Structure formats: structure tokens, C-alpha cells
Amino acid sequence: MGKALRSDAERTVMTILEAAERVLSRNPAASMEQIAEAAGVARTTVHRRFTSRDALVEAMTGWAAQRFAEAVAAANPDSTPPLVALYQVTANVLRVKIDWGFAMSRAQDADPEIARIHAEVAEICARLLSRAAGTGLIRSEVDLEWARRVYYALIHESAAEPEGDPDAMATRLVDTLLRGIGADRGL
């Protein structure tokens with residue numbers, strides 16, 4: 001019986017987190033009462049699970065950061081061929097950033113665990129870009145830190161248009177990263 005209550009409690013927390021993401025994405029100043037209404041639970045239920053609005057936002061941010069790390073890991077970026085891994089990481093991350101845009105936009109350094117997750121993902125990304133350069137996918141003279149920053153910016157901008165299909169967006173993003181937008185004439 002305890003197990004059923006636990007999974008029911010976990011579902012309730014997840015329902016609240018998902019409702020909070022929807023509500024706060026539309027109105028960052030929304031109240032706990034508005035979040036409870038969107039979740040279909042009593043305000044007291046939200047307060048029982050999260051002591052404050054800040055605690056709720058912190059939980060959302062932690063949840064999203066964990067999904068972000070899982071999305072990257074699911075692409076097996078250290079063992080999958082670099083082009084395939086780059087595409088799959090991009091599509092996976094776009095899904096998380098689109099679904100959890102409000103939570104993913106929170107400051108990363110406020111919580112040491114979230115900062116650790118983002119630092120670990122940055123290291124994985126650096127290794128993937130290095131592997132891509134090693135196979136000739138990225139020109140050897142490209143500054144890989146710059147490439148990572150451009151890649152992150154492209155992901156951020158792509159996720160700002162959540163109406164698109166993440167797979168199509170990933171294809172366009174990776175193509176833009178690897179081939180740019182200019183004619184191949186050089187400077």
C-alpha cells in the first residue's frame with residue numbers, strides 16, 4: 001500500500017511541476033494558486049509539496065536540468081559517430097528546452113547541483129566537438145570553444161520557437177553549425 005501512495009505522490013508532484021512550467025512560461029509572476037488551479041489540485045496540496053514559490057521553481061529547475069543531462073546522455077555522444085551524436089544530442093536537448101523553457105532559463109549557478117550538471121554537459125559537448133574535428137566534420141582551424149558557444153546560441157534561438165518539430169529543427173541547426181549560412185567563397 002505504501003508503494004501506491006508513493007507513486008501517487010510522485011504523480012502529483014509531476015503534475016504540479018508540469019502545470020507550473022505551463023503557467024510560469026505564460027506568466028512568470030503567476031501565483032501558487034494559479035499553478036494549483038492549472039494542476040487541478042488544491043492550493044494546500046501545492047504548499048504541502050513545495051514550501052514556497054521559490055522552492056517550486058527550484059524543483060522545476062532541478063527536474064529540467066536532470067532531463068537535460070539525460071537527453072544528452074541518451075545520444076551516447078562519446079561512442080556514437082560524431083555527426084549522428086551531434087544531431088541526436090541537438091534533437092534531444094531541443095525537446096527538453098521546448099518542454100521546460102521556463103525552468104531551463106533559470107540561473108544555472110544558483111544551485112551547485114544544477115551548475116555541476118551544466119558543467120558536465122559542457123564537457124561532453126567539448127568532447128563531441130573535438131571528436132567531430134578529429135574526423136574532419138569541423139575544420140581543424142576552428143576554435144572549438146567558439147564552436148560550442150555558437151552551438152549553444154543556435155540551440156537557444158531554436159528553442160525560442162517552440163512550434164517547430166524538434167527533429168527538423170535539429171537538422172537545420174546542425175546544418176547551420178557545420179556549413180554556415182554563407183556561400184563557400186571565404187573572406
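With angles folded into 0 to 90 degrees, how steeply does helix 82-99 sit against the dominant principal axis of the chain? Use alpha carbons for both and round to 10.
30
Would you kindly state how much longer the chain becomes between Ser140 and Glu120 on full extension, computed as 0.36 nm times their sequence separation minus their alpha carbon distance, in nm to one decimal?
So the chain would gain 4.8 nm between Ser140 and Glu120.
Based on the alpha-carbon gyration tensor of segment 84-185 and its eigenvalue square roots a ≥ b ≥ c, which shape applies: rounded if a/c is under 1.5, prolate if not and a/b is larger than b/c, or oblate?
Judged from the Cα gyration tensor, segment 84-185 comes out oblate (a/c at least 1.5, b/c at or above a/b).
What is segment 1-82's relative contact order, in percent, from Cα pairs under 8 angstrom and six or more apart in sequence?
Result for segment 1-82 is 23 percent.
Helix-derived [θ] at 222 nm for the chain: sum -39500 (n - 2.57) over DSSP H runs of at least 4, divide by residue count, nearest 500?
Here the helix-only value at 222 nm equals -24000 deg cm²/dmol.
Taking all protein chains as present, what is the carbon and sulfur share of the accessible area of the chain, in % to the nearest whole number, probe 1.4 Å?
Roughly 53 percent, rounded to a whole number.
If you take the square roots of the eigenvalues of the alpha-carbon gyration tensor of segment 78-126 and sort them as a ≥ b ≥ c, do you get rounded (a/c under 1.5), prolate (a/b over b/c) or oblate?
Since a/c reaches 1.5 but b/c is at least a/b, the shape of segment 78-126 is classed as oblate.
Let me know the shape class of segment 8-60, please: from the alpha-carbon gyration tensor, a ≥ b ≥ c as square roots of the eigenvalues, rounded when a/c is under 1.5, otherwise prolate if a/b is greater than b/c, or oblate.
The shape class here is rounded.
Hey, what do the phi angles of segment 147-156 turn into as Karplus ³J(HN,Hα) couplings, whole Hz, using 6.51/-1.76/1.60 and θ = phi - 60°, x for Gly and Pro?
Per residue, the Karplus-derived 3J(HN,Hα) values read 4, 5, 5, 5, 4, 4, 5, 5, 4, 4 Hz.
Could you sort 6-15, 126-135, 74-83 so that the peptide with the highest average Cβ count within 10 Å comes first and the rest follow in order?
126-135, 74-83, 6-15
When the dipole is taken about the Cα centre of the chain, and only Lys, Arg (+1) and Asp, Glu (-1) are charged at their Cβ, what size is it in debye, to the nearest 20?
Using Cβ point charges on Lys, Arg, Asp and Glu, the chain gives about 220 debye.
Given a Förster distance of 22 Å, report the FRET efficiency between Ala153 and Arg179 from their Cβ-Cβ distance, rounded to the nearest 0.05.
0.85
Top mean-square fluctuation among Gly136, Gly101, Gly62, Gaussian network model of the chain, C-alpha springs under 10 Å?
Taking springs between Cα atoms under 10 Å, the residue moving most is Gly136.
Per residue, how many Å² of accessible area does the chain show with a 1.4 Å probe?
59
Which whole-percent values make up P(r) of the chain when all C-alpha to C-alpha distances are grouped in 10 Å steps starting at zero?
Calculated over all Cα pairs of the chain, the distribution is 9, 32, 30, 18, 9, 2, 0 percent.
Just need the relative contact order of segment 31-131 here, percent rounded to a whole number, with Cα pairs under 8 Å and 6+ apart.
28
Calculate, in nm to one decimal, what Asp8 and Arg48 gain on full extension: separation in residues at 0.36 nm each, minus their alpha carbon distance.
So the extension gain works out to 13.0 nm.
The values are calculated or read from the model by the stated rules, or taken from the named source; none is laboratory data. All values reported here derive from a predicted model rather than from experimental measurement. A quick note on method: Cβ atoms are made from the backbone with ideal geometry, for glycine too, and the neighbour counts reach across all protein chains shown. Accessible surface is based on the protein model in full, side chains and every heavy atom, while ligands, DNA and RNA are left aside. Shrake-Rupley method; radii C 1.70, N 1.55, O 1.52, S 1.80 Å.
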